[in-house]
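Notes follow the structure.
Nothing in this text is a laboratory measurement; each read-out follows from the coordinates by a stated rule. Everything quoted here is computed from the prediction, not taken from an experiment. Cβ placement follows ideal geometry from the backbone for every residue including glycine, while neighbour counts extend to all protein chains displayed.
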Amino acid sequence: MAINNFPPFIKENYDIFEWNHASAILENDFPAEWDDIISILTNFRLHKSHIIIGGGGRSLVSQSLDEPFYSIGWVEHEFNTQISVDNEIKITPTHKVDCVKNKVALEIEWSNKDPFYDRDLNNFRLLFERDAIDVGVIITKSDELRQIMERLGIWSKYGTSTTWISKLIPRINGGGGGGCPILVFGIKKSLFVED
């Protein structure tokens, strides 16, 4: 499936970036997971109160995205990986993935420092090379949300050193995720709700 064939609502409300045919793999090999992602992104709204209040360790924005995934069988998961070299086992731990179902890994990067993208992409690369996942998905902020952050007077909290789609795409294009197919959704200001 080309990006042009995404449902109209998704194309209108998210910046979309794809690497190595991720959407075609999702649609054809993981149709249930694909439907989950499209449904949750279609129902998501970016509430002003969630942006302003925050959430301590996990922002209310992140919670409003990952909780619907958890409610339909996706789980936070840390993969136990190891390599055997001449009968010597080397443990190769990975970072926890926010949401995993079957062989689809999904990360939500709302307001972390942008080096978290490197961690996520490296994780996707390692897990893909070890045949633990087939696709990685990242949900993050579109750059156009800056206008809203500035209007709300919270730009300093979300400034340029945090996770924005324009910081992620060059990392993917530079090979950060290796051969792992990756699909990125950037939340646009059209989803903002003044509550």
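For residue 92 and residue 118, a Förster radius of 25 Å and the Cβ-Cβ distance give a FRET efficiency of 0.90, rounded to the nearest 0.05.
What GluC sites (Glu not before Pro) in region 70-123 are in a loop by DSSP, with at most 14 other Cβ atoms within 10 Å of the Cβ?
Working: sites: 76, 78, 88, 107, 109; in loops: 78, 109.
Qualifying residues, ordered by number: 78.
Quickly rank 174-180, 43-49 as a protection proxy: mean count of other C-beta atoms within 10 Å, highest first.
Numbers: 174-180: 16.7, 43-49: 14.6.
Listed from highest to lowest mean packing, they are 174-180, 43-49.
Compute the label zone of residue 29 within region 83-113: residues whose backbone N is under 12 Å from the point 7 Å along Cα-to-Cβ. Once the point is set 7 Å along Cα→Cβ of residue 29, 103-105 turn out to lie under 12 Å by backbone N, inside region 83-113. Gain on full extension, evaluated as 0.36 nm per residue between residue 84 and residue 52 minus their Cα-Cα distance, stands at 6.7 nm.
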